[in-house]
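Everything below concerns the one structure shown next.
The values are calculated or read from the model by the stated rules, or taken from the named source; none is laboratory data. Note that the structure is predicted; figures quoted are calculated from it, not measured. Every residue, glycine as well, gets a Cβ built from its backbone with ideal geometry; the counts of neighbours run over all protein chains shown. Keep in mind that these areas ignore ligands, DNA and RNA; they rest on the heavy atoms of the full protein, side chains included. Shrake-Rupley method; radii C 1.70, N 1.55, O 1.52, S 1.80 Å.
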Amino acid sequence: MNESLETLQQEVLERIHHCNSETEIEEVRVETLGRGGRLTSMLRGLKDLPAEERPRAGEQLNRLRKLFEERIEDRFRQIKEQARAKTLKDEWIDITLPGTRWERGRIHPLTLVMDEIIDVFWGMGFEIARGPDIEDDYHNFEALNIPQDHPARDMQDTFFVSNGMLLRTHTSPVQIRTMESRKPPLQIIVPGAVYRHDDDATHSPMFHQVEGFMVDRHITFADLKGVLTHVLQQIFSQDTGVRFRPSFFPFTEPSAEIDIQCLICGGKGTILEGQTCRVCKATGWLEILGAGMIDPEVFRFVGYDPEKFSGFAFGMGVERIAMLKYGIDDIRLFFQNDLRFLRQFG
Ligand code: PHE
């Protein structure tokens, strides 16, 4: 008995010592102290011993049980502490390091100006319509009263795609598309990209326009003047001077170009000490809009009766307005995506 107890004690303590995980130690506990464990069986065997041996053997076995329980408990605690120390070491982070900065984007200056223009019209009850960037000749030219060999086609150097399709040179085709599918009254704006074969400091091959038109019975040139004067004074400032000059567009009659007083020289044509203003070329005025009363010929293309209906239309260049508003002298800055430029807005 004594010898076997000693072996048991040695073996169990040895095994506890070599345990490296909570599972291992649990295994040893079950094998030794569990229901069918080695020590438990021995304790159960006590009753078979002769009466005089029982107290001593019982005492020894109980001592062993206490010893095992203590050692298991100790080893268990050690293992947990080691695991925790390892986690702390492995998962250590240096909270003094600088973090990853989240850059916030900004709204592009063209989008800002476009939204502002749309807001003004929205406030006056205009609807927003859109049309395709890739257009057919009929909507971009023909139905706008610009026939095949009309010299007015030269006003807009066109990018042709293939089989009669082209990149729209203005947003005016959306006038046609809208009127083809709807009846007056119409009060609509068309913001969008347009394309022309042109590329320098003030012309970009892709730029943006906001087209607008109003069609109903009894719309007159006075409505055109009233609406556009109000809109320009909202976009620029309440006291900006506005001037209407006679002009020509094949799809409007009469036609006008609309100028605002130069924002740089305030309409004087000169800046500091009599130097001429380069932005308005000393004229004191900046051309900002093309407009006119919709030509009866256009109404005939879309099946409106020009005896019953009349309307006005206009188109403005968004880049030009943005350049004037922010004092930008090169249109290409809008499309180079230089963050040093873009960060100044919005
Ligand atoms: N479509 C013309 C242009 O791009 C502008 C315009 C629109 C003029 C509507 C009159 C009426 O130059």
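The table for this structure:
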quantity: Subset of region 138-159 [farther than 16 Å from PRO205 by Cβ, more than 12 Å from the ligand (Cβ to nearest atom) and not in a helix (DSSP H, G or I)]; calculated: PRO147, GLN148, ASP149, HIS150
quantity: Residue check, ARG245 farther than 24 Å from MET114 by Cβ, in the same structural domain as HIS203 (by TED's automatic domain parsing) and among the charged types (D, E, K, R); calculated: yes
quantity: Flag if ALA222 is assigned by TED's automatic domain parsing to the domain that holds GLY290 and open to solvent by less than 50 Å² (accessible area, probe 1.4 Å); calculated: no
quantity: Any strands (runs of 3 or more DSSP E) falling wholly within region 160-257 and containing at least 3 residues that are within 14 Å of the ligand (Cβ to nearest atom); calculated: 186-195, 206-216, 242-249
quantity: Selection count, region 318-328, where residues are within 14 Å of the ligand (Cβ to nearest atom) and open to solvent by 20 Å² or more (accessible area, probe 1.4 Å); calculated: 1
quantity: Count of region 16-42 residues which are under 14 Å from GLU70 (Cα atoms) and either surrounded by 14 or more Cβ atoms within 10 Å (Cβ to Cβ) or among the hydrophobic types (A, V, I, L, M, F, W, C) (or both); calculated: 7
quantity: Near pairs, Cβ below 9 angstrom, 6+ apart or cross-chain, from region 278-292 (on the phi > 0 side of the Ramachandran plot) to any residue that is more than 16 Å from the ligand (Cβ to nearest atom) and among the hydrophobic types (A, V, I, L, M, F, W, C); calculated: ALA282/CYS265; GLY284/CYS262; GLY284/CYS265; GLY284/CYS277
quantity: Count of residues meeting criterion [open to solvent by less than 80 Å² (accessible area, probe 1.4 Å) and over 30 Å from ILE176 (Cα atoms)] in region 240-281; calculated: 15
quantity: Residue match in region 261-271 (condition: in a loop (DSSP other than H, G, I, E, B), among the basic types (Lys, Arg) and farther than 24 Å from LEU112 by Cα); calculated: yes
quantity: PRO132 vs. criteria under 20 Å from PRO205 (Cβ atoms), loosely packed, with under 15 Cβ neighbours inside 10 Å and touching a residue at least 12 places away in the same chain (Cβ under 8 Å); calculated: yes
quantity: Scope region 21-39; condition in a helix (DSSP H, G or I), farther than 11 Å from ILE72 by Cα and among the hydroxyl-bearing types (Ser, Thr, Tyr); matching residues; calculated: THR23
quantity: Pair list, Cβ under 8 Å, 6 or more apart: region 306-326 residue more than 21 Å from THR169 (Cβ to Cβ) and free of Cβ contacts under 8 Å to residues at least 40 places away in the same chain, other residue within 16 Å of the ligand (Cβ to nearest atom) and open to solvent by 10 Å² or more (accessible area, probe 1.4 Å); calculated: PRO306/PRO296
quantity: Where a residue in region 144-157 is open to solvent by 60 Å² or more (accessible area, probe 1.4 Å) and its partner, wherever it lies, is within 15 Å of the ligand (Cβ to nearest atom) and of a type in the set (Asp, Glu), with Cβ under 7 Å and at least six apart; calculated: ASP157/ASP198
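Conditions (1) out of contact with any Lys or Arg (no Cβ under 7 Å at 6 or more places or on another chain); (2) among the charged types (D, E, K, R), marked per residue:
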residue	(1), (2)
PHE301	yes, no
PHE309	no, no
PHE314	yes, no
LEU324	yes, no
GLY327	yes, no
GLN336	yes, no
ARG340	yes, yes
ARG343	no, yes
